[in-house]
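Comments concern the structure below.
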Amino acid sequence: MKKSFRLLFISLVSFLFIQTSFLQKNNQKQLNNTDIERRIDSVLSLMTSEEKAGQLNQLSYGFGWGPDVILQIPTEYTDLIRSGKIGSFLNATGAKLTRELQRIAVEESRLKIPLLFGFDVIHGVKTIFPVPLAEASSWDPDLVQMSASLQAKEAASLGIHWTFAPMVDIARDPRWGRIVEGSGEDPFLGSEMAAARVKGFQGDLSSNKNIIACAKHFAAYGGAEGGRDYNTVDISERTLREIYLPPFKAAVDAGAQTIMCSFNEISGVPSSSNKFLLTDILRNEWKFNGFVVSDWNSIGELVNHGVAANLKEAAMLAINAGVDMDMESRSYVTYLSDLVKEGKVSEDRLNEAVKRILRIKFKLGLFDTPYKYCNEDAETMTVMSQEIQDAALLSAQKSIVLLKNQNGILPLKKDLKSIAIIGPLANSKKHPLGSWEQMGDSNDVITLLDGIKKAAPQAIISHVKGCTIKGKSKNDFPLAVEAAKNSDIVILALGEEGHMSGEARSRSSIELPGVQNELAVELFKIGKPIIVVLMNGRPLAINWIAENIPAIIESWFLGIKSGQAIADVIFGDVNPGGKLPVTFPRATGHIPIYYNHKNTGRPSNPLDYFTSKYLDLHLTPLFPFGYGLSYTNFSYDEIQLNKTKIKMDDTLKVSVNVKNTGNYDGEEVVQLYIQDVTASITRPVKELKGFKKIFLKKGESRDVEFIITKNELSFYDASMKWIAEPGSFKVFAGSNSADAQFKTFELD
Ligand code: GLC
């Protein structure tokens, strides 16, 4: 057989083989979906109204987990399970406990419907990763997806099927404590991170190493007035759709199987009874096919909101708006059956909610293999495995943002003779775990002191706290000053407690707590080089430090590998490449300040008194969105557009050559922004529409390209239609939102 014919024959055969196996697999998958629907219907047909309501009931299994978990199952829970009055627990963890709970469900209840176990895997379970705001600083969706997949692996080995994550709330107010749980102020970056985490958590749900994701808190929870958690949100539909919803849409498009509705109201309608949100947008516009779980008692809180007279009415409002599962209000299991009998809730709506939950249980394989996540050997092998710890270290290294490095004081040489490590966070084992630290053990934390000692074993290290995080005492300042006087260099670790951010932890001020700033001022007087390392869960108004301290590292809360990752950066084993996912205000009074702001009719102009400003504060941010330095330098050539005019269905190619002109290999996040200069609705002065994280060896350069379509140029017009309007646009490319060159083009 001629060679060419043989090759053709082989490729044809292999093509046919691939096609058939794909079709078989796809049919198999198609068969599974059809098979699942058939089995759902048959289970549903056997369920009483009470059992249907029970399936929608989720309760917290106490509050202890890990060593504190209650292994002796309270009879209240065993009774609920046996009578089919509960469909899911949250906070039940451990292969042993979840197996026993599941055994009772699938062996001792009438219909043997398996339970769903949920848990807040926000940044790890036992191996604690950097907080989400830190990981967002990596601007590296692949890293974040990898991180989520390993967090899922550890969680699944502990019997957990479902995480209440990713938290995708956009946050423009750093007083809001939950800013730490999300990916910052921008819808585009937030959407990329949301999709990456959903894919990482869910991966291949037929395996027992992935878990169901839950995009929360739907929606606009971060828009709370005053940055005060749970507070009123009053925003336009345009702001809702353009700023707060995109990361949820990205999560749904990435296949998120659940959504959690938020505590807050949006312009008068609480999310837990918001049909526009939960049905019109989520179901009818986005075609979401998973289920909606309430937040903790958020159904019951409809009474506090004043839209329900009592719990029964709250249940009716919530189920009819589109909330499928009730976390902790017990309103569904108590009232739904009666509400259906009274005709206030349709049997179809009840059945729809039950089917959505059964569908997830079938997708996870829990009906056929209810114990697939309850393997104690897998738990022992997986929890805190080297693979997962290594991932936590890599994530920590990539999450660090270098905010200042005057005269290249960093990286330090490892042959330093003496180092003073000062500050209340220098040797903290607890705070680097951040909030939602779950089973994280502070004994597993590598502190900054540990990390520095390991990186510079020959140096004489003197460690002094100098003050506490929030106390007023300056009694130890002299000790700190003495240590600094006797050292070559000072590393000063300042910031917040790990529990000064997170749920119910808003601060009225974003200044450094306590007397930490005063400590920095005292040490500065000595004249030794000082490096400030920040450990914090929100942007801080560190004006004096930013003005006077030569080197500043933003480390957020990096989890158990915190000290090692920071030391790797300080001594140059890692060249920092992080960028801020959120703007740093100069003062609390500067809030709200975010990069994608409107121009106003009187944009700030120092030469014109009657323009937008503060009498007592510089208007530009302390550090802008997208900002972060490297030990090397990157230069940007002039950006190139392949056209200066495009039609509606054209694409515009934007390219920029970036060169590493410094002495270190390094990573740069090239950012692309647009501005719709004139439109029928006022538009932001900039909107992030793309970014690429590139690695360049020293001396290396690369063309970075972006494609712009009309979608990147669209917005919601006066009648809330998503459109792109003809006119002129600016397209920016650069290293951060404040430092980006632009070119203009016309859209016809
Ligand atoms: C909390 C939080 C939510 C969390 C849930 C379960 O109140 O708002 O983010 O997932 O309850 O712990």
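No lab work stands behind these numbers, since they all come straight from the coordinates. The structure displayed is predicted, hence computed values, not measured ones. Every residue, glycine as well, gets a Cβ built from its backbone with ideal geometry; the counts of neighbours run over all protein chains shown.
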Q. Are there GluC sites (Glu not before Pro) in region 311-374 that DSSP puts in a loop and that have at most 16 other Cβ atoms within 10 Å, and which ones?
A. Glu342
(Q) Suppose the chain between Ile70 and Asp41 were pulled fully straight at 0.36 nm per residue; how much longer would it get relative to their current alpha carbon spacing? (A) 6.9 nm
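With r defined as the distance between the Cβ atoms of Thr369 and Leu111 and R0 fixed at 25 Å, what FRET efficiency is calculated, to the nearest 0.05?
Efficiency computed from Cβ-Cβ geometry: 0.90.
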Q. What residues have an amide H closer than 5 Å to that of Phe571, excluding those fewer than 5 places away on the same chain, when H is modeled at 1.01 Å from N in the peptide plane?
A. Leu412
Q | trypsin sites (Lys or Arg not before Pro) within region 442-530, DSSP loop, no more than 14 other Cβ atoms inside 10 Å | A | Lys470, Lys472, Lys525
(Q) Can you give me the distance in nm between label points at Leu607 and Thr620, each placed 7 Å from the Cα along the Cα-to-Cβ direction? (A) 1.7
Q) Mean separation of Cα pairs under 8 Å and 6+ residues apart, divided by the residue count of region 391-590: what relative contact order is that in percent? A) 35
Q) If we sort 664-670, 408-414, 396-402 on the protection proxy, mean other Cβ atoms within 10 Å, highest first, what's the order? A) 396-402, 664-670, 408-414
(Q) Please report the net charge: other residues with Cβ closer than 12 Å to the Cβ of Pro576, K and R +1, D and E -1. (A) -2
Q.
Please compute the length gained on full extension between Phe742 and Asn443, using 0.36 nm multiplied by the number of residues separating them and subtracting their Cα-Cα distance.
A. 102.7 nm
Q.
Positive end of the dipole of the chain, charges at C-beta (+1 Lys, Arg; -1 Asp, Glu), about the Cα centre: which of Gly434, Ser680, Met47 has its Cα farthest in that direction?
A. Ser680
Q) Using the beta-carbon distance between Asn289 and Gln458 and R0 = 41 Å, what value does 1/(1 + (r/R0)^6) give for FRET efficiency, to the nearest 0.05? A) 0.10
(Q) From the phi angles alone, apply the Karplus equation (6.51, -1.76, 1.60; θ = phi - 60°) to region 485-492 and give each ³J(HN,Hα) in whole Hz, x where the residue is Gly or Pro. (A) 4, 8, 10, 6, 8, 10, 10, 10
Q: Quick one: of Lys659/Lys730; Lys430/Lys561; Lys153/Lys249; Lys429/Lys454; Lys398/Lys653, which pairs are farther than 20 Å apart, Cα to Cα?
A: Lys659/Lys730; Lys153/Lys249; Lys398/Lys653
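Going by the alpha-carbon gyration tensor, a ≥ b ≥ c the square roots of its eigenvalues, is region 391-590 rounded (a/c under 1.5) or, if a/c is not under 1.5, prolate (a/b greater than b/c) versus oblate?
Values: a/c = 1.35, a/b = 1.11, b/c = 1.21.
Taking the square roots of the gyration eigenvalues as a ≥ b ≥ c, region 391-590 is rounded.
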(Q) Counting only other residues whose beta carbon sits under 12 Å from that of Phe291, what net charge do I get with K and R as +1, D and E as -1? (A) +3
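For the chain, calculate the relative contact order in percent as a whole number, restricting contacts to Cα pairs under 8 Å that are 6 or more residues apart. Spell out each step's value before the answer.
Values: 1802 pairs, mean separation 93.2, N = 748.
Relative CO of the chain lands at 12 percent.
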Q: Using R₀ = 60 Å, calculate the FRET efficiency as 1/(1 + (r/R₀)^6) where r is the Cβ-Cβ separation of Phe695 and Glu342; round to 0.05.
A: 0.40
Q.
I need to check one value: relative contact order of region 652-724, counting alpha carbon pairs closer than 8 Å and at least 6 residues apart, in percent.
A. 39
Q) Counting Lys and Arg as +1 and Asp and Glu as -1, each charge on the Cβ, what is the dipole of the chain about the Cα centre in debye, to the nearest 20? A) 1240
Q | Under the Karplus curve 6.51 cos²θ - 1.76 cosθ + 1.60, θ = phi - 60°, whole-Hz ³J(HN,Hα) for region 724-729, x wherever Gly or Pro sits | A | 10, 10, x, x, 9, 10
**Q.** Sequence of Tyr221, Tyr244 once ranked by neighbouring C-beta atoms within 10 Å, starting from the fewest
**A.** Tyr244, Tyr221
Q: Give the residue from Thr34, Gly601, Leu519 lying farthest towards the positive end of the charge dipole for the chain; charges sit on Cβ (+1 for Lys and Arg, -1 for Asp and Glu) and the dipole is referred to the Cα centre.
A: Thr34
Q: Find out how many positive minus negative residues lie around Gly203, taking Lys and Arg as positive, Asp and Glu as negative, among other residues whose Cβ is under 14 Å from that of Gly203.
A: +2
Q. Considering amide H positions built from the backbone, and no H for Pro or chain starts, which residues 5 or more places from Lys686, or on another chain, come under 5 Å of its amide H?
A. His597
Q: Name the residues whose placed amide hydrogens come within less than 5 Å of the amide hydrogen of Trp556, ignoring near sequence neighbours (fewer than 5 apart) on the same chain.
A: Asn536
Q) Toward the positive end of the charge dipole of the chain, about the Cα centre and with charges on Cβ (Lys, Arg +1; Asp, Glu -1), which of Pro550, Met167, Val654 goes farthest? A) Val654
